[in-house]
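Below is one structure, written out as structure tokens, with a few remarks after it.
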């Protein structure tokens, strides 16, 4: 009984809680939540929202109910910041756009499982309050990664794209929404592509574009992404789209250059378009049209109100009070077509340009143009014939070409297209159509052909006589065309035409320079404008490396200068006065210990010290042994002490010297193990039998039985030859003065042998020197 009462009580409690939740949801008042009146302006609503959002943000407010409170604040701001939703709430008590039977469904959705729409993102809290009723403008232009790669990027070579990167719960996106809608309606009518990327759902595309924050506005042209960095206003966005277009897209035409501009059809093989208008610069719609058709036509602009444009305006009888577009082909004295109207629509201009995008007798300069002008036969009802004039190249219009041009101008058949080819530039193409006779050598000829396959197979017929442009030639060609309409079998010859070479293609150097320029400009924009946040770690690493490099160079420069000052020999008087203080003095020859006089303690390696200093050397310890002779003992020990002094702080290094006069056989036995890997110096020169080993340094590891070898710098041969006799005299002199302080630093070639010893010692401590292993240490006799 008690259990039954308890279950009834729990059910009643659950029902009561649900009723309270429903009542609280129905009692939701956005004005009360934000603390503003019903007549509050948008500025007051925004100010109140920001204040409450900072106060109740879950990251800053640890109250258990902060999350629910923050959701209510966000919902209230969503309703009141939208004038349409606010009006619906004021009239019907609901923010839904549709009333009637949907009103109850939307009201139930307001409080049903609202927490399920709360999720976190790596950049900020994203609340998809607009997911169910996303703006229809953005819905129309939403992009996916595959759609962007397969459609937007290829299409960006014909028109610029303006993209907006947005996300849910993006307050700045809401603020720029009115301006964005207005600009989209205006630019889309002009031919600009529009796209919207939702960073929450298309993160891959957002990362690919380099957009790391929302909202971001960027432009895409020729596959290149550029970011918009100014204030989001209509004029700035228009200027941004205009800045994406190339600067040389439309040429400024005046009285001085209009003849040169219109005569350019011979070089670039394109019709030329002139726009006459009163604006100081070419309008954006005209630039967009020029970019869309830049591969087929050249565009110029004439400012009618500018002084210096009166002659060209008068020449073509242009109405200065209405925008006028003229298209010129081979004849620059008279336009081929004209359109004049105020507020011309884009579709009208595009149709006008498309109908006139080829010359009357265009020159075949590439295989692509050949495919467009002379398409392959599809069926017997879709026959297309090409009348080809094969003519030598000339700087001026020749009579045969002018006659061919007048014939093409008088043509009224849609199935016939007139083209010409420079036979010297397309020799293989021309030789295939010309007969193998000398009658056509250096002269013009006319062929009528029909393409059968894309592989180059054609049927054709060439006029029997060369084309001179006479009336007889015209009547002959006209008769062939009339007969061809009745009997297609007139084209009795067959051939396979080779592909045309691209005459207007830039050279390899120009293509390389253009690619390098585009790459460098893209890197500059990516590093300092678009993705500078991502580039900061790389830039920090580069500057750190440069700082370390220059710091090392400066320290090394100072250390080298101090070493040079220390190694400079003093004057002779100062040597005698300070010999006991600044230089180490060495006692008799048989002494095994060198007293420490400010530099380093050096021990002579003899049969007495051999076992303790090498054979039984502790693991990890090494003995650095200098090889010297009696004549070079004093000078080499002084230089050796200077070079190794900085390494005396290591307790693992011991320093010794070995007399070459006493233990030459021991040294040569040791060096035999280094013959292959490190050949001994001077073994192939003319003094091979003398083998001077003085200045060699051995680093001996007694425990692991290996040694490292330092070979001194080779002395100049002339100095060695001259000083060989002097060495004997100096040895006698040194023998008499042994045990006394040295009065000099020795001959210069001897001291120079150890100039690189300090660098070798650094490599020894690093362990990067080559090691020569031996089976066992030989006896030292």
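The values are calculated or read from the model by the stated rules, or taken from the named source; none is laboratory data. On a predicted model such as this, the values are computed, not experimentally measured, just so you know. Cβ: placed from backbone, ideal geometry, glycine included. Neighbour counts: every protein chain shown.
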Search result, residues across the stretch 626-655 that are in contact with a strand residue (DSSP E or B) (Cβ under 7 Å, 6 or more places away or on another chain), over 13 Å from residue 695 (Cα atoms) and either surrounded by fewer than 17 Cβ atoms within 10 Å (Cβ to Cβ) or in contact (Cβ under 8 Å) with a residue 40 or more places away in the chain (or both): 644, 647, 652, 654, 655
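Right, residue 95: outside any helix (DSSP H, G or I), farther than 16 Å from residue 169 by Cα and at pLDDT below 80 or not?
Values: outside any helix (DSSP H, G or I): yes; farther than 16 Å from residue 169 by Cα: yes; at pLDDT below 80: yes.
Yes: the conditions hold for residue 95.
With a cut-off of at least 1 residues that are closer than 19 Å to residue 334 by Cα and touching a strand residue (DSSP E or B) at 6+ places or on another chain (Cβ under 7 Å), name the strands (runs of 3 or more DSSP E) lying wholly within the stretch 230-310. Let's see the steps before the verdict.
Numbers: elements: 250-252, 272-277, 298-303.
Here the list reads 272-277, 298-303.
Every residue in the stretch 319-343 that is closer than 21 Å to residue 289 by Cα, surrounded by fewer than 19 Cβ atoms within 10 Å (Cβ to Cβ) and in contact with a helix residue (DSSP H, G or I) (Cβ under 8 Å, 6 or more places away or on another chain), please. If you could, list the steps in order and put the result at the bottom.
First pass over the stretch 319-343, keeping only residues closer than 21 Å to residue 289 by Cα: 322-329, 335-343.
Narrowing further to those that are surrounded by fewer than 19 Cβ atoms within 10 Å (Cβ to Cβ): 322, 336-343.
Hits for the stretch 319-343 are 337, 339, 341.
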Unique residue being touching a strand residue (DSSP E or B) at 6+ places or on another chain (Cβ under 6 Å), surrounded by fewer than 16 Cβ atoms within 10 Å (Cβ to Cβ) and in contact (Cβ under 8 Å) with a residue 40 or more places away in the chain when the list is 376, 446: 376
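The rows are residues; the columns are (1) assigned to a helix (DSSP H, G or I); (2) at pLDDT below 90; (3) in the same structural domain as residue 155 (by the TED database).
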site: 180; (1), (2), (3): yes, no, yes
site: 184; (1), (2), (3): yes, no, yes
site: 195; (1), (2), (3): no, no, yes
site: 201; (1), (2), (3): no, yes, yes
site: 213; (1), (2), (3): no, yes, yes
site: 217; (1), (2), (3): no, no, yes
site: 220; (1), (2), (3): no, no, yes
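Going by what's in this entry, would residue 430 be described as at pLDDT below 90 and either on the phi < 0 side of the Ramachandran plot or surrounded by 13 or more Cβ atoms within 10 Å (Cβ to Cβ) (or both)?
Values: at pLDDT below 90: yes; either on the phi < 0 side of the Ramachandran plot or surrounded by 13 or more Cβ atoms within 10 Å (Cβ to Cβ) (or both): yes.
In short, yes.
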Candidates 453, 468 - the one that is farther than 20 Å from residue 405 by Cβ and assigned to a loop (DSSP other than H, G, I, E, B): 453
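Just to be sure I understand, how many residues within the stretch 421-448 are over 47 Å from the mean Cα position of the chain (by Cα) and closer than 21 Å to residue 360 by Cα? Can you show your working first?
Restricting attention to the stretch 421-448, the residues satisfying the condition of being over 47 Å from the mean Cα position of the chain (by Cα) are 433-448.
So of that shortlist, the ones also closer than 21 Å to residue 360 by Cα come out as 444-448.
Adding up the residues that qualify gives 5.
Every residue in the stretch 470-499 that is under 55 Å from the mean Cα position of the chain (by Cα) and either touching a residue at least 40 places away in the same chain (Cβ under 8 Å) or over 12 Å from residue 448 (Cα atoms) (or both), please.
Matches in the stretch 470-499: 491, 495, 496, 497, 498, 499.
For (1) touching a strand residue (DSSP E or B) at 6+ places or on another chain (Cβ under 9 Å); (2) crowded, with 17+ Cβ neighbours inside 10 Å, each residue gets a yes or a no:
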residue	(1), (2)
154	no, no
157	yes, no
160	yes, yes
166	yes, yes
171	no, no
182	no, no
185	no, no
188	yes, no
193	yes, yes
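crowded, with 17+ Cβ neighbours inside 10 Å and within 35 Å of the chain's Cα centre (by Cα): which single residue out of 358, 316, 286 fits that description? If you could, list the steps in order and put the result at the bottom.
Details: 358 fails: within 35 Å of the chain's Cα centre (by Cα); 316 fails: within 35 Å of the chain's Cα centre (by Cα).
286 is the lone residue from the list that is crowded, with 17+ Cβ neighbours inside 10 Å and within 35 Å of the chain's Cα centre (by Cα).
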Filtered residues of the stretch 605-625 (kept if surrounded by fewer than 23 Cβ atoms within 10 Å (Cβ to Cβ) and more than 60 Å from the chain's Cα centre (by Cα)): 606, 607, 608, 609, 610, 611, 612, 613, 615, 616
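Residue by residue, here is whether (1) at pLDDT 65 or above; (2) more than 24 Å from residue 172 (Cβ to Cβ); (3) outside the structural domain of residue 87 (by the TED database) holds:
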{"residue": "12", "(1), (2), (3)": "yes, yes, yes"}
{"residue": "21", "(1), (2), (3)": "no, yes, yes"}
{"residue": "52", "(1), (2), (3)": "yes, no, no"}
{"residue": "62", "(1), (2), (3)": "yes, yes, no"}
{"residue": "66", "(1), (2), (3)": "yes, no, no"}
Some residue of the stretch 410-418 being assigned to a helix (DSSP H, G or I), under 45 Å from the mean Cα position of the chain (by Cα) and either without any contact (Cβ under 8 Å) to a residue 24 or more places away in the chain or farther than 20 Å from residue 359 by Cβ (or both): no
Residue match in the stretch 325-339 (condition: outside the structural domain of residue 420 (by the TED database) and farther than 18 Å from residue 271 by Cα): no
